[in-house]
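Everything on this sheet refers to the single structure shown next.
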Amino acid sequence: SIIRYVLSGEGKRSTGPYYSITPYADPETKPLPYDPKGALELLEAAGWRKNAAGKLEKDGKVFAFTLVTNAGNQQRKAIMIIAQQAWLALGIDVKIQDFEWTVFLEDFVETNHFDAIVMGWGGGAINPDGYMFWHSSQTHHYESNHVGYQSAAADELVSKIRTIYDEQEQIRLTLQLHRLIVEDQPYTFIYERLIPYVYDSRTAIIERDAAGREHPRQITVPPSGDVLHSFRSWRKFASAPEYAR
């Protein structure tokens, strides 16, 4: 529903901390299934039962929490509403709130003072170093492991990933980290945005050989997904250039 109605179909389901277009994401890892019936069975197995009001309750306490995000972001607000309705259908009492960006950061994110939040990541697809997000030493206030994730196995992996320069070994370790994060689920990864780029066919990337001669190269999508990373090397010609084969 989120991809269809919030993104108008311009997205794909995400499985973990690395973008699927990079070599760091484990291609065998599947997205979590959307399975309300299975979720309710897990909750009931953990001792939650619906009360007379239809709310899940355990030991006299109703299952309730507040989901927050920043104001002004209509996509995140829509995500919260869709998620809230799904949780309410299960009998979970979820309240949603959005706050001005500075308040959201200072009163909730930076102080780790929240039940659950909706946020997004951008960039970072080229560098697989996730130390600041996943290492247990980064869980204090004003650090980036906002959810307080702590795992000895993750600590070891992220420490190795940032100090190993052999690309294949680095990829092997990031695949392990991807699988571990998915299994532990400190985040629920929802989607990757699909951004269509349209550019003039007369525009190309200019590359120079050892002799300094210029050669146009067709604009393609790099591993980061950001075609604008080489924007300074773009040039627009009078007509579409011929590319070397």
Residues of the stretch 141-165 being open to solvent by 90 Å² or more (accessible area, probe 1.4 Å) and either among the acidic types (D, E) or touching an Asp or Glu at 6+ places or on another chain (Cβ under 9 Å) (or both), in sequence order, are H141, Y142, E156, R162
Going through the stretch 6-37 one residue at a time, which ones are in a helix (DSSP H, G or I) and either of a type in the set (G, A, S) or surrounded by 11 or more Cβ atoms within 10 Å (Cβ to Cβ) (or both)? V6, P36
When you scan the stretch 60-117, how many residues do you find that are part of a helix (DSSP H, G or I) and of a type in the set (K, R)? 2
Going by the structure shown, is L40 open to solvent by less than 80 Å² (accessible area, probe 1.4 Å) and outside any strand (DSSP E or B)? yes
Does P33 satisfy the condition of being within 26 Å of H178 (Cβ to Cβ) and without any contact (Cβ under 8 Å) to a residue 12 or more places away in the chain? yes
Any idea which of (1) within 29 Å of L43 (Cα to Cα); (2) of a type in the set (A, V, I, L, M, F, W, C); (3) out of contact with any Ser or Thr (no Cβ under 7 Å at 6 or more places or on another chain) is the one I117 doesn't satisfy? (3)
Quick one: how many residues across the stretch 136-175 are of a type in the set (S, T, Y) and part of a helix (DSSP H, G or I)? 4
Selection within the stretch 211-222 - surrounded by 13 or more Cβ atoms within 10 Å (Cβ to Cβ) and in a loop (DSSP other than H, G, I, E, B): I219, P222
What about I171, is it of a type outside the set (D, E) and open to solvent by 50 Å² or more (accessible area, probe 1.4 Å)? no
Hey, any hits in the stretch 189-210 for a residue that's buried (at least 16 other Cβ atoms within 10 Å of the Cβ), aliphatic (A, V, I, L, M), modelled with pLDDT under 95 and in contact with a Gly (Cβ under 9 Å, 6 or more places away or on another chain)? yes
Total residues in the stretch 26-72, condition hydroxyl-bearing (S, T, Y), in contact with a Lys or Arg (Cβ under 7 Å, 6 or more places away or on another chain) and at pLDDT below 95: 1
State which residue is modelled with the lowest pLDDT when the search covers only the stretch 112-129 and only residues that are open to solvent by 70 Å² or more (accessible area, probe 1.4 Å) and of a type in the set (A, V, I, L, M, F, W, C). I126
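The values are calculated or read from the model by the stated rules, or taken from the named source; none is laboratory data. As the structure is a prediction and not an experimental result, all values here were calculated from the model. Using ideal geometry, Cβ is built from the backbone for each residue, glycine included, and neighbour counts are taken over all protein chains shown. Just the protein is used for accessible areas: all its heavy atoms, side chains included, with ligands, DNA and RNA removed. Shrake-Rupley method; radii C 1.70, N 1.55, O 1.52, S 1.80 Å.
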